[in-house]
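Accompanying notes for the structure given below.
Values in this text are rule-based calculations from the coordinates and carry no lab data. Only a predicted model underlies this, so the values are computations on that prediction, with no experimental measurement involved. For neighbour counting, all protein chains shown are included, and Cβ atoms are generated from backbone atoms with ideal geometry for every residue, glycine included.
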Amino acid sequence: MDPDRSLALKLRDGEPGALENAYQLHGSRVYRLCLRILGRTSDAEDAAQDIFLKLMERAASFDGRARLSTWIHRITVNHCLNQLEKERLRDTAALPHDDDLAGAPADSPIEGLARTEAGERLQRLLLRLSPEHRVVIVLREIEELSYEEIAQTLEIPPGTVMSRLARARERLVLLAGARDSRSTKPAPAMP
Amino acid sequence: MNPLDELECRETRAALSARLDGELTNGRDLSIHLVHCGSCRDFEVSLSSFSAGWVELRGSAPPATLWSRIQARSDARTVRRPPKLAWRLAAGLVGFAGVGGAGWWLDRNVSPPDSRAHWAESLTPITRTPETSALFASLPEYQLLVGFPRKENER
């Protein structure tokens, strides 16, 4: 039997060791996706826990048409998008939209999300993209999925992946330029 | 920038983005546009400037305690909610035992062994004559209730 299908059946039947096996195979990816999309380690840990419990509940719906990893990516992305939507509804100021450049906390600390300046800068920029753009960028740049895999994960045509990625990158470049110009602007002279 | 230039820039950037990912399939020559368009050249340079940052962001590992927390929540769920199949089997067994037990009790305590015949005969106390009895006995419904009359030599 196909190993993906076999693992899904074991998850569905609650077989001992099946969840651990799924975690060993996919845990890092799930956590990393959550971290980069949600932007906070505590949220990413909570989301990863929820997602692995969801895998057990939904394993029966895995039909084997896509790879198990694609199916898990889909569940992860949808869970994170739902979390962002809940957060947006709860407090629209918590996650700034990319159009809201003036109000964005561009220099707020990002704990544990990046070690170097380049990583931290990109993480900040990511969090200022819209959820739709953020997801497509994370799947491509961080998870290194092909356009076809991204299309399967998001259930959109590959052509849409290409154009959405291009828009997201344009946005990223624009935000980076705005941030750089702000940081290089000379401080106002003291009276 | 006029709308046609903007459209061309947009298409060029989409192609540059796909080329960066190794997904450009139509083999479009972007160099002609890039020679004339500083904005698209800047876009390409900016994209490549991000690459070191992406590499770093790929390296995040989950905390060591994450699996134990997932396991604890999974165990708590399993204890609280047994598998559906086990529930169904248990409910089936209880139902089967209940119906069987009730039938056995009724059979032992309420219905005498020949109650069907008594009940059938009690339906016809007024009209009961040798003729009507013979007529009733010949009806299939009556035979179903009291059983088919046995011949004398079988008794």
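In terms of surrounding Cβ atoms within a 10 Å radius of their Cβ, B:R88, A:R171 rank from fewest to most as B:R88, A:R171.
How much FRET efficiency would the formula 1/(1 + (r/R0)^6) give for B:A64 and A:E144, where r is the Cβ-Cβ distance and R0 is 30 Å, rounded to 0.05? Spell out each step's value before the answer.
On the way: r = 25 Å, r/R0 = 0.82.
Result of the calculation: an efficiency of 0.75.
Rounded to whole numbers, the Karplus 3J(HN,Hα) couplings from phi for region B:8-20 are 5, 4, 4, 5, 5, 5, 4, 5, 4, 4, 5, 5, 4 Hz, using 6.51 cos²θ - 1.76 cosθ + 1.60 with θ = phi - 60°, and x at Gly and Pro. In this rough spin-label picture, where each label sits 7 Å from Cα along the Cβ direction, the A:D46-A:N82 distance is 1.4 nm. Taking Cβ atoms as reference points and 12 Å as the exclusive limit, the residues near A:L7 contribute a net charge of -1, counting Lys and Arg as +1 and Asp and Glu as -1.
Multiply the residue gap between B:H36 and B:W105 by 0.36 nm, knock off their C-alpha separation, and tell me the result in nm, one decimal place. It would help to have the intermediate numbers written out before the result.
Values: separation 69, 0.36 × 69 = 24.84 nm, distance 9.77 nm.
Gain on extension, B:H36 to B:W105, equals 15.1 nm.
In sequence order, region A:166-177 has phi-based couplings of 4, 5, 5, 5, 4, 5, 4, 5, 4, 5, 5, x Hz under the Karplus curve 6.51 cos²θ - 1.76 cosθ + 1.60, θ = phi - 60°, and Gly or Pro positions carry x.
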